[in-house]
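Beneath this line is the structure, given in structure tokens, with notes to follow.
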Amino acid sequence: MEWNARDGTHLTHTIDLDEVFKDRIVLHTADPALIYKDNPISSGQPTIVVEVNDRTVSVNMEVGLILVRADPADTGRDHSIYFTRACSKTL
């Protein structure tokens, strides 16, 4: 990537997504016990978002998950969106 920081400094940075996501897991902060095992992901596939804010580059993952309700008598499902930071580096 190439961009100019707020102060006009020209910056370059390379992100190795294979290294960032070497474990090949979906990032989220949901309680694993509440994730609907038969069909855990809603709203398509997880999305990788690269954010550049001045001199800081961040890599995030956005994913929609289907969660079961904590009360076993309630068979409804909840859909939740998680936006989780994978890594961040300030240049």
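We did not get these values from a lab; they are worked out from the coordinates using the rules stated. Bear in mind the structure is a predicted one, so any value in this text is a computation, not a measurement. Positions of Cβ are generated from backbone atoms using ideal geometry, with glycine treated the same way; all protein chains shown enter the neighbour counts.
Ordered by the number of other Cβ atoms lying within 10 Å of each residue's own Cβ, fewest first, 54, 18 fall into the sequence 18, 54. Each Cα pair under 8 Å and six or more residues apart adds its separation to the average, and for the chain the resulting relative contact order is 27 percent. Couplings 3J(HN,Hα) of the range 76-91, computed from phi: x, 10, 10, 10, 10, 9, 10, 10, 10, 6, 8, 6, 8, 9, 9, 9 Hz, in residue order, whole Hz [Karplus 6.51 cos²θ - 1.76 cosθ + 1.60, θ = phi - 60°; x for Gly and Pro].
Shown here: Cα Rg over 2.2 N^0.38 Å, derived from the displayed model; of the candidates (1) 1.86; (2) 1.25; (3) 1.41, it corresponds to (3). Rounded to whole numbers, the Karplus 3J(HN,Hα) couplings from phi for the range 56-64 are 9, 10, 10, 10, 10, 10, 10, 8, x Hz, using 6.51 cos²θ - 1.76 cosθ + 1.60 with θ = phi - 60°, and x at Gly and Pro. Proximity of backbone amide H atoms, modeled 1.01 Å from N, is registered between residue 36 and 66, 67, 68 at under 5 Å, excluding neighbours fewer than 5 places apart on the same chain.
For the range 4-48, what class follows from the C-alpha gyration tensor (a ≥ b ≥ c being the square roots of its eigenvalues): rounded when a/c is under 1.5, otherwise prolate if a/b is larger than b/c, else oblate? Since a/c reaches 1.5 and a/b is larger than b/c, the shape of the range 4-48 is classed as prolate.
Neighbours of residue 67, meaning other residues whose beta-carbon lies under 13 angstrom from its beta-carbon, give a summed charge of -2 when Lys and Arg score +1 and Asp and Glu score -1.
Of the trypsin sites (Lys or Arg not before Pro) found in the range 1-63, the ones in coil according to DSSP and having at most 14 other Cβ atoms within 10 Å of their Cβ are 6, 22, 24, 37.
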